[in-house]
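Only the coordinates and a few stated rules stand behind these numbers; no lab work does. For clarity, every value in this text was computed on a predicted model and none was experimentally measured. Heads up, the Cβs are rebuilt from the backbone with ideal geometry, glycines too, and the neighbour counts pull from every protein chain shown.
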Amino acid sequence: ALAGVAGALAAAGQHEQAEAVARSITAPGWQAQALAGVAGALAAAGQHEQAAAVAGQAEAAARSITDPGWQGQALAELAGTLAAAGQHEQAEAVTHSITDPGWQSQALAGVAGTLAAAGQHERAAAVAGQAEAAARSITDRGSQGQALAGVAGALAAAGQHEQAAAVAGQAEAA
């Protein structure tokens, strides 16, 4: 419930209150999610320095999650929020710290898609390549296929159509 309150306050431009509410959340996963939302709102409002500080707090909260899958999910969501807010370098840095290959691949593919939408096609292609490498390290065939499908979309968005088609075919076969 408090994460929703923090999100509503951030959306309404009440960033300081939103940050305070988010910091009061004791469950690390919910706190990370709330702080990531505040960071995104701050970045969207042009308060990039404060956004970076709050994103750092969100990352710290996510890192305190002991389950690797949940931690990966929290970090992937943070990376997506940062990328959507135009904080591409910080988003990329977060993706590289995700240890779960499924969540890392998903986060990298999302950042690649955001970079492509921002017209940074070369960088998007490179990040999509990293997403593909992470996806290929997934041992479960079904999960690998799902991750490769996401990579194919990111490659297509980055203008890498031949590679996207090849990866999509491999995803289908998985």
**Report entry** Odd one out for A131, checked against (1) among the small types (G, A, S); (2) over 28 Å from A45 (Cβ atoms); (3) out of contact with any Leu (no Cβ under 7 Å at 6 or more places or on another chain)
**Finding:** (3)
Report task. Give the range 26-40 a look and list any residue that's within 15 Å of the chain's Cα centre (by Cα) and among the small types (G, A, S), or say none. Result -> G29, A32, A34, A36, G37, A39, G40
Requested in this report: Looking only at the range 133-174, count how many residues are within 19 Å of P101 (Cα to Cα), in a loop (DSSP other than H, G, I, E, B) and touching a residue at least 24 places away in the same chain (Cβ under 8 Å).
Outcome: 3
